[in-house]
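The values are calculated or read from the model by the stated rules, or taken from the named source; none is laboratory data. What you are looking at is a predicted structure, and each value in this text was computed from that prediction instead of being measured. All Cβ positions, glycine included, derive from the backbone under ideal geometry; neighbour counts span all protein chains shown. For accessibility, only protein heavy atoms count, side chains too; no ligands or nucleic acids. Shrake-Rupley method; radii C 1.70, N 1.55, O 1.52, S 1.80 Å.
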Amino acid sequence: MARARIAVALAVVAVLAVLATAALAVTTYVGGDDPDALAVTDPGTGARFEVPGKDWAVRGARSRIYYEDDAGKPVAVVTGPAVYRDGSCAEQPGDSNRGFAGFTQDAFDAWRAGLGGGPGEERRDPVELADGREGTVRWVRLPGGSGPCAAAGIELAMLSSGGVRVVVVADAGEAGTLAHGEIVRILRSLRPPA
């Protein structure tokens, strides 16, 4: 009888230890350094990355942001992205933002073409990801568009690792836009599938 009580007590302690460890792992995995960070998850692979909680919102899985070619065919698409300063332009509050980040199946060159191409020196910078893997951020600063909601420039940045791609497209070159370092921090938070 005494052995049974000891076994039950040890089992309870073991379960509590496992639950505490799991809670700590989830907090570290999702929260990182920013307790208000928002996680974006790729439903197909389970890969994740984070955006800061301030000024960002994660859209639902049915939300899409895309760019079309001249024939109106989408050439670069994200589904369920995080959006930076959604509704930022008073002239087009429902269709404007200062940037977005999401998982994509489209290559860097498709995104660049979707943004109108244009001059800009492409760069590649090595980075260490949140899980310790090595990666490369491929990025370019492009001229801005035209119209009342256009910014002076656009930064396109992408990181591919573990069979997934994360893209960030953000206004650049003026107040209220993301700095390059902020974009890199978002990309580095990627936790690809195992």
Among the numbered conditions (1) open to solvent by 60 Å² or more (accessible area, probe 1.4 Å); (2) modelled with pLDDT under 95, tell me where Gly147 comes up short.
(1)
Among (1) farther than 24 Å from Asp70 by Cα; (2) in contact (Cβ under 8 Å) with a residue 40 or more places away in the chain; (3) surrounded by 19 or more Cβ atoms within 10 Å (Cβ to Cβ), Asp125 falls short only on (3)
Of (1) β-branched (Val, Ile, Thr); (2) closer than 16 Å to Val77 by Cβ; (3) open to solvent by 60 Å² or more (accessible area, probe 1.4 Å), Val167 satisfies every one except (3)
Are any residues in the stretch 158-177 within 13 Å of the chain's Cα centre (by Cα) and either not in a strand (DSSP E or B) or not small (Gly, Ala, Ser) (or both), and if so, which ones?
Met158, Leu159, Val164, Arg165, Val166, Val167, Val168, Val169
Selection within the stretch 128-144 - in a loop (DSSP other than H, G, I, E, B) and either open to solvent by 60 Å² or more (accessible area, probe 1.4 Å) or among the polar types (S, T, N, Q) (or both)
Asp131, Arg133
Given the conditions (1) within 12 Å of Met158 (Cα to Cα); (2) surrounded by fewer than 19 Cβ atoms within 10 Å (Cβ to Cβ), every one holds for Pro119 apart from (1)
Determine if the stretch 39-61 includes at least one residue that is open to solvent by 50 Å² or more (accessible area, probe 1.4 Å), in a strand (DSSP E or B) and modelled with pLDDT under 90.
no
